[in-house]
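*Asks:* One structure is given below, represented as structure tokens, and several questions about it will come after.
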Amino acid sequence: MRPFTDTELKEYIKNAKKYCAKGKVATYIPALARKNKKDLGVFVMLESGEEYAAGDYKEKFSMQSVSKPFVLLLAMQDWGIEKVLEKVGLESTGDGFNSVVRLETADTHKPFNPMINAGAIAVTSMVKGKTVDERFERLLNFIRLIAESEDIHLNQEIYESELATGNRNRSLAYFMEGEGFLATPSQEALEVYFKQCSIEVTAKNLAQMGLFLARGGVLSDGTRVVSEEEARLVRSIIASCGLYDESGEFAAKVGIPAKSGVGGGIMCAIKPDMGIGIYGPALNAKGNSLAGIEVLKQLVKDHDLCIY
Ligand code: GLU
């Protein structure tokens, strides 16, 4: 693999900046609408300990859907892979992230995959704990553990806005509760789900989390947190479903396992030894970081990182 340099990452950011203007920050809540759409940052972390970064990589932003792969890992820890797959499938939909349509039209009414909102809410309902607070604390601490950082917190303002605007997610949860796909009452699953979306991270945190998946579920000190099988399952599901209904195009044009969120983050996990975190809140029509994808295109091409 060609070595990285900060200068080259700066060049990628410079080249991709023009795409920021073409994107739109998420506007469904004020805290996201206020984000600066010119921001763009990248952080590359290697198993060797080398780190490279450029642009606005120190900015904090909400994880949103980037939380989904990690909640899936925690649910698999709590129930085992098979039990989790009774509540959620592993097939991409080609529909929008918050689509309701397939829940009703599919034979089983089972959510298609854990990266769309329906599947993610079903998975969140499986995180064990006596109370909602305990479930969220476990989840937050799990994310801190994997990101190897204690400086990861809930943004209360974002959480309250998610609560205030989350009726579509409520409709998904109520439907699934009726069909028997939630392990806890829908109200409780939703509260944890809205909170997980509101956890704030940086591009560096996402790079560390990507590296964890790339290494197969092991922290940098060698501690195993999840099994290789679980880490592989999550890498594969993000490779096929990680960028909403742009996942096929991302696979064809970029070609690495990655998970995006409407906060502007993209987390990438490249086996065996690389994690990449992107922050760029200007989104394309599918809800993915427009300029962030452009940074990844250059980086993956120059370093020959495409997995296919
Ligand atoms: N919090 C939002 C929702 O659940 C967006 C999640 C995302 O796709 O990043 O609808």
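The values are calculated or read from the model by the stated rules, or taken from the named source; none is laboratory data. The structure presented is a predicted model; accordingly, all values stated were derived computationally and were not measured. Note that each Cβ is placed from the backbone with ideal geometry, even for glycine, and that neighbours are counted across all protein chains shown. Just so you know, the surface numbers come from the protein's heavy atoms only, side chains and all, with ligands and any DNA or RNA stripped out. Shrake-Rupley method; radii C 1.70, N 1.55, O 1.52, S 1.80 Å.
*Asks:* Relative contact order (percent) for the chain, with alpha-carbon contacts under 8 angstrom and 6 or more residues of separation?
*Replies:* Values: 682 pairs, mean separation 85.3, N = 308.
That works out to 28 percent.
*Asks:* Using a Cα-Cα cut-off of under 16 Å, which lysines could be cross-linked to Lys38, ignoring same-chain neighbours fewer than 8 residues away?
*Replies:* Lys10, Lys14, Lys17, Lys18, Lys22, Lys24, Lys58, Lys60
*Asks:* On C-alpha positions alone, give me the angle between the axis of helix 228-241 and the longest principal axis of the chain, in degrees, nearest 10.
*Replies:* Roughly 80 degrees, rounded to the nearest 10.
*Asks:* Further, regarding this structure: Return the sequence-ordered ³J(HN,Hα) values of region 154-159 in whole Hz as given by the Karplus equation 6.51 cos²θ - 1.76 cosθ + 1.60 applied to θ = phi - 60°, using x for Gly and Pro.
*Replies:* Calculated HN-Hα couplings, in order: 7, 8, 5, 5, 5, 4 Hz.
*Asks:* Could you tell me the calculated FRET efficiency between Ser48 and Lys130, based on Cβ-Cβ distance and R0 = 51 angstrom, to the nearest 0.05?
*Replies:* 0.75
*Asks:* Okay, next question. Can you give the accessible area of Lys10, probe radius 1.4 Å, in Å² rounded to 10?
*Replies:* Near enough 130 Å² of accessible area.
*Asks:* Rounded to whole Å, give me the distance from the Cα center of region 142-169 to that of region 215-293.
*Replies:* A separation of 18 Å, based on Cα centres.
*Asks:* A further question on this structure: Once the whole set of protein chains is in place, how much accessible area is left on His153, using a 1.4 Å probe, in Å² to the nearest 10?
*Replies:* Accessible area, nearest 10 Å²: 90 Å².
*Asks:* Roughly how many nanometres apart are two label points built 7 Å out from the Cα toward the Cβ at Asp151 and Lys253?
*Replies:* 3.4
*Asks:* Okay, moving on. For all pairs of alpha-carbon atoms in region 205-308, what percent lies in each bin of width 5 Å, listed from the first bin to the last filled one?
*Replies:* Reading the bins upward from 0: 3, 15, 25, 27, 17, 10, 4, 1, 0.
*Asks:* Hey, another quick one. Just how much of Thr108 is accessible, in Å², when a 1.4 Å probe is used and the result is rounded to the nearest 10?
*Replies:* Around 90 Å² of this residue is reachable by solvent.
*Asks:* Over all distinct alpha-carbon pairs, what is the Kirkwood Rh of region 260-308 in angstrom?
*Replies:* On the way: mean 1/r = 0.0895 Å⁻¹.
Across region 260-308, the inverse of the average 1/r is 11.2 Å.
*Asks:* Which value does Rg/Rh take for the chain over its C-alpha atoms, Rh per Kirkwood? Each step should come with its number before you reach the end.
*Replies:* Working: Rg = 17.8 Å, Rh = 18.9 Å.
Rounded to two decimals, Rg over Rh is 0.94.
*Asks:* Got the relative contact order for region 241-308 handy, in percent, Cα pairs under 8 Å and 6 or more residues apart?
*Replies:* Details: 103 pairs, mean separation 20.3, N = 68.
It comes to 30 percent, rounded to a whole number.
*Asks:* Could you look at the chain and say what percent of its accessible area is carbon and sulfur, using a 1.4 Å probe and all protein chains?
*Replies:* Solvent-exposed carbon and sulfur of the chain make up 50 percent of the total.
*Asks:* Once you have the Cα-Cα distance between Arg168 and Arg232, take 0.36 nm times their residue separation minus that, and quote the gain in nm to one decimal.
*Replies:* 20.0 nm
*Asks:* At q = 0.15 Å⁻¹, what log₁₀ I(q)/I(0) does region 85-235 have when each alpha carbon counts as one equal point scatterer in the Debye sum?
*Replies:* Rounded to two decimals, the profile gives -0.85.
*Asks:* Same structure, new question: Rule-of-thumb check for region 61-114: C-alpha Rg over 2.2 N^0.38 Å?
*Replies:* With N residues counted in region 61-114, Rg over 2.2 N^0.38 Å equals 1.23.
*Asks:* Per residue and in Å³, how big is the convex hull formed by the alpha-carbon atoms of region 1-157?
*Replies:* 175
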